[in-house]
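Computed from the coordinates by the stated procedures, all read-outs in this text should not be read as laboratory data. A quick note: this is a predicted structure, and the numbers were derived from the prediction, not measured. Glycine gets a Cβ as well: all are built from the backbone with ideal geometry, and neighbour counts include every protein chain shown.
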Amino acid sequence: MEELDVEPAITNIPAASDGKHLGFAWGPGDILAYETLYMAPGSGCSFIHEVRKDEDIYSPILRKLFNESHHIFVGLQTIREDLPSKNKKTQLVPELNYCLELSSVLVLQVSILLAIELIWNLCEVLFIDAAPAGPLLLHLLDWVRLHKGDVDEKAREVLQSESPAEHHDYWDVVVSYVLQGRFEEARQMLVKQATLQPAARNMYKLMDTLLSKMPFYNPGGTQTLTEFDVKWRHWHEEVDRCLQDNSFASNQHLEIICKILVGDEDTLLEHKELLSTWYHFLVTRLLFCHPTVKPTELHYYAQSCMTMFLDLRSVPEPLDSILLAAFEFDIHQVIKDCSIALNNWWFVAHLTDLLDHCKLLQSHNLHFGSNLREFLLLEYASGLFTHHSLWQLAVDYFDNCPEFGHVYLELQIERVPLDTERKALKVLRICEQRQMSEQVRSICKIMAMRALRNNRLGSALSWSIRAKDAAFATLISERFLQDYCARGTFSDLDLIDNLGPAMLLSDRLTFLVKYREFHKLYEENRFSEAAKLLLSLITAKIAPRSFWMTLLTDALPLLEQKEVSHSAHCALHCGFGHDLCFILQ
Amino acid sequence: MVHDAQMDYYGTRLATCSSDRTVKIFDVKNGGQILVADLRGHEGPVWQVAWAHPMFGNILASCSYDRKVIIWKEENGAWDKMYEYCGHESSVNSVCWGPYDFGLILACGSSDGAISLLTFTGDQQWDVKKISNAHTIGCNAVSWAPAVVPGSLIDQPSGQKPNYIKRFVSGGCDNLVKLWKEEDGQWKEDQKLEAHSDWVRDVGWAPSIGLPTSTIASCSQDGRVFIWTCDDPAGNTWTAKLLHKFSDVVWHVSWSITGNILAVSGGDNKVAYTL
C-alpha cells in the first residue's frame, strides 16, 4: 500500500557472506535465495534457501478455519443488500466466533487468535452494533467479561474449597467480580464471609445494599438516559457518604470495595494485577465514573487509561495500538495496523469485507485503483492459491472481487499443478464456467501433450478436441494413421467411432474417422457402401499424400467384389486412373 | 557458484545453473529435493536458465559464457539437447521465453551487442532472427511483454488466430532500455528509454492485469531502479519513475505473478520487496 509509512520487516538469509551477492527467484508461494556473484565465475556456497511466509495455511486447524470462513464469506456476498447491518452481523458473526473457539485448541497460535478475537469483538461492539451512550458501556462490560476467563476459574477453585471465605484467593475473587460489574456474584460470595463474621453483620448488610442498588441502564426500558444518570449520581453520592462516614473503616477489604464503587482511580490502579490489562481498567473506570459515556468520548478515556495503566518504561504493543485505533473509531487505522501486525491476511480480509457490507467503509482508493476491501481479499486469496487443496476456496474470493478478481484468477489458475486428470478436469470446469477460454485452451493443450508423450493417443485426441486445437488434432490423427500403417489396426476405436461432429475440427481427423468407417463397412461386408465411401475419400482429397497408396491398395479387393455396383466400379476405375496420374507425377 | 535458479510453472521443479558449467534439475514437490538431471553441454559458466510453458512439454533454455544457447527437452523421462545455437560472438547473458500465445520463441541477449530470436517452427527446426547492434558493447537482459491483442477488450471471434503484436524489452551496456516490436516479420526498435547513467543490468516487463497500462522495471550498475509506465495502448509515451536509489549495483529485478510486488536484488546483499 502506498501509504505504508512503516519500515518493511527485514528477513535475514543465513550464510550470505561478505562480498557475495544474493540471487533470487519467485516460487509459487515463496522466494528462492542463493549466494552468487553476478557475471563473475567463481566457487562458493551452492546452497539455495527457500524464503517463505509463516505457513499458517498448512496447519489443519487453521484449514478448518479457512474453510468455515470461506463458507461465511460466500453467504455474506449473496445476502440481501437492504438488510440492516445488525441482521447481517448476527447471522454470520456467531459462526466466526465458533471457528475462533475451535482454533484456540492450537496452543502455539493461541495468543494471536485470542488477540484477533478480542479485536474482532470490539469491532463488533463499536462499529457494527454501534451502541449509543447507555448500552455502550454494557456492551463493553460484556466484552471485557468475555475475555477474562480466569476469574471464573479462580472462583470455582475457591467455592470448591473447604471454607471458601477463608481461601487465600477469596477476596481477589470478590474484588474481581466487582471490577467487572458482576454484583450478583459478588454479593453471593460476600454472604459467605458475612456468616463467618456475625459481629460485622451490619457492615456486610450495608455493602450488600449498596451493591444491589447500583443502577444499570436498561436499554429496553422506558427510562431515559438522563433519568438513569440522575439515579446513578444519587447512588454514587450515597456510596461516597459511606466512605466519608467511615462505615467500612474497620474492614480493610470492604473499604477497598467501597472505594472501587466510588471510582477512586488510585484504588483501581492498586489492583493492576486483577485488572491485568489497560482496557479492563478503562471499562471499569467508565463503569464507576462515567457509565453514560458517549462513543465519541471513548478515545479520550482510552488514551488516558492506557497511559495511567502502563508503566513509563513499557512500550505499547501492536495490540494496544489496534485497540486504541478502534476506540478512536478509526477503522482504516485498525485495518492497517492489523495488516502489519498479523502475518496472514485472513483476519483483515474478512473483517474489511464484513465492514464493507455493513457500509461502514468509505471507498479508499489504492495504487491500482481497486478499493481496500478488494485489495485485502485479493492478497488473502492469492495466499490460499499456493495450497494444494485450499486454492479452490480462493476461486470464490476472486469471483467476488469485481475489478481484478477475474484477471488474478486467470494468472493464478494456470499455476495449479495438474497432477492428475481429475485435478485437471476440476481446474478446467472452473475455467469453463467463467468463460476463461485462454486458460481452457492452455490446460487442454498441456494435458494433450502429456498424453501424447505417454503414447496415450486416445486421451491426447480428446484433450485436443476439447481445446479446439485443430493443429494438434491433425498431429495426433497423423500418429493414429502411422500406427495403423505400422500395425494394421486402430487403437481407441471407441473414441474414434463416437466423435460425432467433433471430427470436423481438422481435415486429417475427419479423414481418420471416415477411413475407420470404411474399414468397419468392409468388415461388415457392406462392400457397396464401402466402395462409395472410399471413392468419396479419394475424390475429396482430404487424404494425406502418404496414404494414397494405402487407399489404392484398399480399393483393389473391392473391385473384385461382385456387390459393388457397376457405377461404383467405373468410378473407382476412373478414380484410379486419376490418382495413378497423381502418383506417377 | 550458482548463477541462476528458476522454478517451473507449477513450482514442482527447480532448475539451477552454475560456474561449474552444468545445469541441474531438481524435483521439489512436497518439500523434497531430488536431483532429476545433470545436464552437461556448456563449456563455460552458465548464466541463466528459463523454463518454457508446460504446454510445449518440459523444455528448458540455458545460456552461457561459452557463447552458446542450449535448449533442453525431456523425452520419456530423460533430458537431452533439443537444439544448440552458436550464433553469438560473445557471452550470452540472458534468455527469456515469449508468451505461449506466440508459440515457442526464445529471446537471447549477448555481450556481442546482438539479440537473437529463436522460433520453433516444428519438426526440430528453429528459425533464427538476429538484431545486430541492439546495444553497443553488449546486451545484458531481455524480457517479453505479455501477449495482448490490440483492442483485446473486444472479443475475438473464435477460431480466428488473433493478431498479436510481439514486443520485448532489453537492457544494455549503453545504459539504455530499449523496446522492440515485430512488424511484418521484422524486428524494429520501437522505443529508446534513457534514464540510467551506467550499464542496465536487468529489465522486467510486468504481467498484465487487464488495464491498458504497461509497466517495465529496470535496474542498473548506477544503483537505481526505475519503473516505466505507458498509459496509451499504442505504447508511445513512457514515463520513468525512480523507485529507489541503492548504495550499490542492482543486479536483478523480478515481478511476482500478479505484478503487484517487485523483488530487487542489490550488491548490498538485500532482497527488497516493493508493492
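For the range B:101-151, take the alpha-carbon Rg, divide it by the Kirkwood Rh, and send me Rg/Rh.
Reported Rg/Rh (Cα atoms, Kirkwood Rh): 1.05.
Please report, for the Cα atoms of the range B:1-137, the Rg to one decimal and the Dmax as a whole number; what are they, in angstrom?
Every Cα atom of the range B:1-137 included, Rg and Dmax give 14.4, 46 Å.
So if we plug the beta-carbon distance of B:Phe56 and B:Ile261 into 1/(1 + (r/R0)^6) with R0 = 35 Å, what FRET efficiency do we get, rounded to 0.05?
For B:Phe56 and B:Ile261, the calculated efficiency is 0.80.
Sort A:Asp554, A:Asp497 so that the residue with the fewest other Cβ atoms within 10 Å of its own Cβ comes first and the one with the most comes last.
Sorted ascending by nearby Cβ count, the order is A:Asp497, A:Asp554.
Ignoring solvent entirely, what values of log10 I(q)/I(0) come out of the Debye formula for the range A:232-379 at 0.10 Å⁻¹ when each Cα is a single scatterer?
-0.51
At most 13 other Cβ atoms within 10 Å and a DSSP loop assignment: could you name the GluC sites (Glu not before Pro) in the range A:134-188 that fit?
A:Glu162
Select from the range B:12-111 those GluC sites (Glu not before Pro) which occupy a DSSP coil region and have at most 13 other Cβ atoms within 10 Å, ordered by residue number.
B:Glu43, B:Glu89
What translational D, rounded to a whole number of µm²/s, comes out for the range A:179-278 from Stokes-Einstein when the hydrodynamic radius is the Kirkwood one over Cα pairs, at 20 °C and 1.002 mPa s?
D = 145 µm²/s.
Just need the Rg to Rh number for the range A:191-245, please, alpha carbons only, Kirkwood Rh.
Radius of gyration over Kirkwood radius for the range A:191-245 works out to 1.12.
Determine which lysines satisfy two conditions relative to A:Lys445: a Cα distance under 18 Å, and not lying fewer than 8 residues away in the same chain.
List returned: A:Lys423, A:Lys426, A:Lys468, B:Lys73, B:Lys161.
If I model a spin label as a point 7 Å beyond the Cα along the Cα-Cβ vector, how far apart are those points for B:Lys81 and A:Asp311 in nm?
7.1
Quantify how strongly other chains surround peptide B:44-56 by giving the mean number of their Cβ atoms within 10 Å of each of its Cβ atoms.
3
Peptide B:2-15: average number of partner chain Cβ atoms within 10 Å per residue?
Per residue, the average neighbour count from other chains is 6.
Would you mind calculating the relative contact order of chain B from Cα pairs under 8 angstrom and at least 6 residues apart, reporting the percent as a whole number?
8
Calculate the spin-label point distance for A:Glu166 paired with A:Ala131, positioning each point 7 Å from the Cα along the beta-carbon direction, and give it in nanometres.
Between A:Ala131 and A:Glu166, the label points sit 4.1 nm apart.
Within 10 Å of each Cβ in A:415-422, how many Cβ atoms from other chains are there, averaged over the peptide?
If you average over the peptide's residues, the count of other-chain Cβ atoms is 3.
I'd like the FRET efficiency for A:Thr195 and A:Phe329, computed as 1/(1 + (r/R0)^6) with the beta carbon distance as r and R0 of 45 Å, rounded to 0.05.
So, using R0 = 45 Å, E works out to roughly 0.40.
I'd like the distance separating the alpha-carbon centroids of the range A:530-560 and the range A:159-203, in whole Å.
Cα centroid to Cα centroid, the span is 106 Å.
Using only the Cα atoms of the range A:474-548, each taken as one equal point scatterer with no solvent, compute I(q) by the Debye sum, divide by I(0), and report log10 of the ratio at q = 0.14, 0.15, 0.26, 0.27 Å⁻¹.
-0.41, -0.47, -1.46, -1.52
Using the basic label-point model (7 angstrom from Cα toward the beta carbon), what is the B:Asp231 to B:Asn133 distance in nanometres?
So the label points at B:Asp231 and B:Asn133 sit 3.7 nm apart.
Apply the Karplus parameterisation 6.51 cos²θ - 1.76 cosθ + 1.60, with θ equal to phi minus 60°, to every residue of the range A:470-478 and state each ³J(HN,Hα) to the nearest whole Hz, in sequence, with x for glycine and proline.
Each residue of the range A:470-478 in turn: 5, 4, 5, 4, 4, 4, 6, 4, 4 Hz.
Taking the C-alpha atoms of chain B, how large are the radius of gyration and the largest Cα-Cα span, Dmax, in Å?
18.1, 52
Can you give the FRET efficiency to the nearest 0.05 for A:Thr222 and B:Leu211, using r as the Cβ-Cβ distance and R₀ = 45 Å?
Taking R0 as 45 Å, the efficiency between A:Thr222 and B:Leu211 is 0.15.
Could you put A:Trp548, B:Trp255 in order, starting from the residue whose Cβ has the fewest other Cβ atoms within 10 Å?
A:Trp548, B:Trp255
Taking the C-alpha atoms of the range B:213-264, how large are the radius of gyration and the largest Cα-Cα span, Dmax, in Å?
Here Rg and the maximum Cα pair distance are 11.7, 36 Å.
Out of residues 5 or more away from B:Ala145 or on other chains, whose amide H comes under 5 Å of its own, with H placed 1.01 Å from N in the peptide plane?
For B:Ala145, the qualifying residues are B:Arg167, B:Phe168, B:Val169.
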